[in-house]
Amino acid sequence: MISSHKEEREHNTPRCKKGHEEIRVGLVSNEELRIQCQVDAVPEVTRFFWTYNTTRGVLRVQGGRVKNKGGISTLQFRPPDDEIRSLSCWAANDLGRQETPCLFYVVPADTLELMAGQEIEILKQLIPMLHKRYQLSNSLPENHQARILLLHQKP
């Protein structure tokens with residue numbers, strides 16, 4: 001007997017791909033931002049749109065270049081001023097619009113570098129404590145160090 005197995009996927013409105021819900025991006029003054037938004041949706045995404053938040057309120061991104069392919073939208077955008085706080089990516093499909101946007105917190109690039117430096121310092125302090133507590137060997141594999149660093153990343 002031949003049986004046909006058809007994989008059925010749950011239908012839903014778009015939502016941010018896991019791990020892409022909130023991301024920090026560095027902005028160099030007077031430079032263009034290039035941001036990639038990734039969403040999951042069944043049926044496929046039919047439309048993306050972008051907004052940004054400033055001290056004056058939420059505005060629709062205009063004048064940026066957007067490329068959409070499947071569940072990915074790439075925005076190239078030169079913010080009109082340094083007051084930009086965040087960008088939001090919204091997607092829609094035949095079932096409706098995304099309930100919660102993917103957020104991109106915009107920080108000055110030098111601040112982002114400082115934050116990364118602080119995380120490295122925290123990691124340098126954390127590794128010896130883990131070695132002592134769990135009696136680990138002197139060399140913790142790099143992939144474990146990276147996982148520890150990622151656990152501490154928050155917007």
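Computed from the coordinates by the stated procedures, all read-outs in this text should not be read as laboratory data. Fair warning: this is a prediction, and the values are worked out from it, not measured in the lab. Every residue, glycine among them, receives a Cβ derived from its backbone with ideal geometry; neighbour counts consider all protein chains shown.
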Check your understanding: What share of all Cα pairs of the stretch 12-108, in percent, falls into each consecutive 5 Å distance bin?
Key -> 3, 15, 26, 25, 17, 9, 4, 1
Exercise for review: Report the label-to-label distance for Thr51 and Glu21 in nanometres (one decimal), using points 7 Å from each Cα along the Cα→Cβ vector.
Suggested key: 1.9 nm
Check your understanding: In the neighborhood of Arg15, defined by Cβ-to-Cβ distances under 10 Å, what is the net charge if each Lys or Arg adds +1 and each Asp or Glu adds -1?
Key -> -1
Check your understanding: Out of the stretch 10-75, which GluC sites (Glu not before Pro) are coil in DSSP terms and have no more than 15 other C-beta atoms within 10 Å?
Key -> Glu10, Glu21, Glu31, Glu32, Glu44
